[in-house]
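Asker: The structure under discussion is supplied below as structure tokens; questions concerning it will follow.
The values are calculated or read from the model by the stated rules, or taken from the named source; none is laboratory data. Owing to the predicted nature of the structure, the values given are computational and were not obtained by experimental measurement. Here the Cβ is made from the backbone with ideal geometry for all residues, glycine too, and neighbour counts use every protein chain on show. The protein model used for the area step is the full one, side chains on, heavy atoms only, and it has no ligands, DNA or RNA in it. Shrake-Rupley method; radii C 1.70, N 1.55, O 1.52, S 1.80 Å.
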Amino acid sequence: MLRKPKRILGGTKSLVKNESGLALIEFAFIAPVFMIFVASGAELANYATESTQVSQLALQVADNAARIGEGDPLANKKITETQINDLFTGAEIHAGDLDIYGSHNEDGTAVPNGRIILSSLETMANPNPTGKFKITWQRCRGLDTTYTPQYGVAGQPSGTNINAMGPAGRQVTAVAGTPVMFAEVRYRYQPLFLNGFAIKDYEYINAIAAMMVRDARDLTTVFNTEGAAVASCA
């Protein structure tokens, strides 16, 4: 009878010395912090990837716009509305999962994914003694119609008799007789994680790119003998 308390005491000491559950307890404390780090890393990587995609998309649009044109090799190439429409379709394919012309759901509301704006920057005259420029034409595609041309509107004072086109420090000009294709891309970033681990919220990613036209181009108009739909910015 006198030995029972000793056994109980011995069992208590054994329980106190038992450390088999410490790892599980430590993991329970560390897990939330670890998950935040993992989610944050994934979110930042995704944001960087999509920002790069948007930049590359703007460059692709400007580059392809600088190459389009048809006609006799000895004559100035003509560009058409069909070619511009094909260019925008190619941009959609290049954008891939961004679904640049589609939409997504934010709190039960359909929000446009983005918009692409293409402008033709040309000199006011040829030759161009005043050193001024104009946006001769603009074409747009995408559901985000609230996003308008940021650096001048064709046919408006903001796009006529201007010194250059683009944001401060990154402005471009054109050579007489050779337009510059200026592309603007706007995309609505959709975060991977919301409500808890979010370090990025829904936000816009904007990118621009400019390319000089490769060949001699007919600058009289954008031709439309096919009667194709015009990708108007209005």
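Asker: If you check 135, 116, which single one turns out to be part of a strand (DSSP E or B), touching a Lys or Arg at 6+ places or on another chain (Cβ under 6 Å), open to solvent by less than 10 Å² (accessible area, probe 1.4 Å) and modelled with pLDDT of 95 or more?
Answerer: Numbers: 135 fails: touching a Lys or Arg at 6+ places or on another chain (Cβ under 6 Å).
After ruling out the rest, the residue left standing is 116.
Asker: Residue check: is residue 130 open to solvent by less than 70 Å² (accessible area, probe 1.4 Å) and either part of a loop (DSSP other than H, G, I, E, B) or modelled with pLDDT of 95 or more (or both)? Give the steps one after another, and end with the answer.
Answerer: Numbers: open to solvent by less than 70 Å² (accessible area, probe 1.4 Å): no; either part of a loop (DSSP other than H, G, I, E, B) or modelled with pLDDT of 95 or more (or both): yes.
When the stated conditions are applied, residue 130 does not pass them.
Asker: Tell me which residues, restricted to the stretch 168-196, are in a loop (DSSP other than H, G, I, E, B), open to solvent by less than 30 Å² (accessible area, probe 1.4 Å) and over 25 Å from residue 125 (Cβ atoms).
Answerer: Result: 191, single match.
Asker: Taking the stretch 72-85 only, how many residues are open to solvent by less than 60 Å² (accessible area, probe 1.4 Å), part of a loop (DSSP other than H, G, I, E, B) and in contact with a strand residue (DSSP E or B) (Cβ under 8 Å, 6 or more places away or on another chain)?
Answerer: Here the count works out to 1.
Asker: While we're here: Looking at residue 34 and the list (1) open to solvent by 30 Å² or more (accessible area, probe 1.4 Å); (2) out of contact with any helix residue (DSSP H, G or I) (no Cβ under 8 Å at 6 or more places or on another chain); (3) modelled with pLDDT of 95 or more, which single condition is not satisfied?
Answerer: Only one criterion is unmet by residue 34, namely (3).
Asker: Residue check, residue 63 against (1) among the charged types (D, E, K, R); (2) at pLDDT 95 or above; (3) open to solvent by 70 Å² or more (accessible area, probe 1.4 Å), all met but one. Which one?
Answerer: It fails just one condition, (3).
Asker: Further question: Any residue in the stretch 86-98 that's surrounded by fewer than 17 Cβ atoms within 10 Å (Cβ to Cβ): show its pairings with residues that are of a type in the set (D, E, K, R) and not in a helix (DSSP H, G or I) at Cβ separation under 9 Å, as long as the two are six or more apart or on different chains.
Answerer: Pairs found: 89/141.
Asker: State all residues of the stretch 146-157 that are in a loop (DSSP other than H, G, I, E, B) and not hydroxyl-bearing (Ser, Thr, Tyr); if no residue qualifies, say none. Talk me through it step by step, then tell me what you get.
Answerer: First pass over the stretch 146-157, keeping only residues in a loop (DSSP other than H, G, I, E, B): 146-156.
Once the filter is applied, which keeps residues that are in a loop (DSSP other than H, G, I, E, B) and not hydroxyl-bearing (Ser, Thr, Tyr), the stretch 146-157 yields 149, 150, 152, 153, 154, 155, 156.
Asker: Then there's this: Filter the stretch 131-147 for residues that are closer than 24 Å to residue 223 by Cα and within 26 Å of the chain's Cα centre (by Cα) and give the result.
Answerer: Restricting attention to the stretch 131-147, the residues satisfying the condition of being closer than 24 Å to residue 223 by Cα are 133-142.
Of everything in the stretch 131-147, those that are closer than 24 Å to residue 223 by Cα and within 26 Å of the chain's Cα centre (by Cα) turn out to be 134, 135, 136, 137, 138, 139, 140, 141, 142.
Asker: From the list 143, 121, pick out the single residue that is surrounded by 15 or more Cβ atoms within 10 Å (Cβ to Cβ), in a strand (DSSP E or B) and at pLDDT 95 or above. Even if it seems obvious, please write down each step before you answer.
Answerer: Details: 143 fails: in a strand (DSSP E or B).
Among 143, 121, only 121 is surrounded by 15 or more Cβ atoms within 10 Å (Cβ to Cβ), in a strand (DSSP E or B) and at pLDDT 95 or above.
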